[in-house]
Amino acid sequence: MGMKRPISATGVALLLTLIVAAPALAAAPGNDTYAGAVVIGSLPYSDTVDTTEATTDADDQEVNVNCGAPATDASVWYEFTSAADIGVVIDVSGSDYTAGVAVVTGSPGSFELITCGPYAVGFFAEADVTYRILAFDDQLDGGGNGGTLEIVVMEAPPAPEIDVTVDPVGSFDPRTGSATITGTVTCEGEVEFAFVEVELSQRVGRFIIRGFGGSEVTCDGTTQEWSVEVFGENGLFKGGKAVSVTFAVACGTFDCGIDFEETIVRLRR
Ligand SMILES: [Ca+2]
């Protein structure tokens, strides 16, 4: 993710002087239109473009029909064809204006939207399919036409890996009727968030008592113990067998690793 650096007042004054003094230096970038799309050869790819003279046109409007960005001003085009099936992340958040990205397949008149959004998008690129990338000023900052576009296109990091086990014996609290299920979890990778969630069900007489509980998990490659307290939504858990369905999920910026265990757990006091 790019970070916007604060600019000093003198910096702003200097910038203004440059803009006022040299308006004729800027020209529309060569990839202002679809026909001039820059071909991205290999990943990672990055480009810095002055888009202040870039324009928007009917092709942008067609792309935006199914995207719904507030604007597609100062847009520029790229295209990318992968030799293999890969996850791709496109990040324009380092630009000095609020930039958005749309990804389509097809050509003008037959565009199909794959994804779009502000700041950054991720999508699954199929081998040998050409993806057209439109980077634009979405006007979420309320004005201006483009600026310095910073676009980074990279292969998505692999999904985090997560592995969960569930202990065969759990406990229950006869006062509150809650059950506590435990186990271990091992999780690694570039992770934004990770958790274990337990759905517990137990036959008590003619009824099936059910409840859910969850806990956050730390992903540092080591095996850790987890413990989740589950309250029955329609009654109290008691001693004896219960069915535990446990999901462990670890998500990176692009996709998630998931593990799942369905086990019989004996609840004891
Ligand atoms: Ca354009």
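Observations
- For Arg132: the one exception among (1) in contact (Cβ under 8 Å) with a residue 40 or more places away in the chain; (2) over 23 Å from the mean Cα position of the chain (by Cα): (2)
- Filtering region 33-62 to residues that are surrounded by 14 or more Cβ atoms within 10 Å (Cβ to Cβ) and within 22 Å of Met154 (Cα to Cα) leaves Tyr34, Ala37, Val38, Ile40, Leu43, Tyr45, Asp47, Val49, Asp50, Thr51.
- Single residue of region 61-108 satisfying the filter (under 24 Å from Asp128 (Cα atoms) and charged (D, E, K, R)) that is modelled with the lowest pLDDT: Asp85
- Checking Ala127 against (1) under 24 Å from the mean Cα position of the chain (by Cα); (2) farther than 30 Å from Ser201 by Cα; (3) surrounded by fewer than 21 Cβ atoms within 10 Å (Cβ to Cβ); (4) touching a residue at least 60 places away in the same chain (Cβ under 8 Å), the condition it does not meet: (4)
- Residues being modelled with pLDDT of 95 or more, of a type outside the set (D, E, K, R), over 29 Å from Ser110 (Cβ atoms) and away from the ligand (no atom under 16 Å from the Cβ) are represented in region 22-45 by at least one member.
For (1) assigned to a strand (DSSP E or B); (2) loosely packed, with under 15 Cβ neighbours inside 10 Å; (3) in contact with a strand residue (DSSP E or B) (Cβ under 8 Å, 6 or more places away or on another chain); (4) among the hydrophobic types (A, V, I, L, M, F, W, C), each residue gets a yes or a no:
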residue	(1), (2), (3), (4)
Gln139	no, no, yes, no
Gly143	no, yes, no, no
Ser171	yes, no, yes, no
Gly183	yes, no, yes, no
Thr186	yes, no, yes, no
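- Tally of residues being within 16 Å of the ligand (Cβ to nearest atom) and in a strand (DSSP E or B) across region 56-115: 13
- Residues that are in a strand (DSSP E or B) and surrounded by fewer than 20 Cβ atoms within 10 Å (Cβ to Cβ) within region 230-250 comprise Phe231, Gly240, Lys241, Val243, Val245, Phe247, listed in sequence order.
- Only one of the numbered conditions (1) surrounded by 13 or more Cβ atoms within 10 Å (Cβ to Cβ); (2) at pLDDT 95 or above; (3) closer than 30 Å to Val88 by Cβ is violated by Thr253, and that is (2).
The values are calculated or read from the model by the stated rules, or taken from the named source; none is laboratory data. If you're wondering where the values come from, they're calculated on a predicted model, not measured in any experiment. Cβ atoms come from the backbone with ideal geometry, glycine included; neighbour counts cover every protein chain shown.
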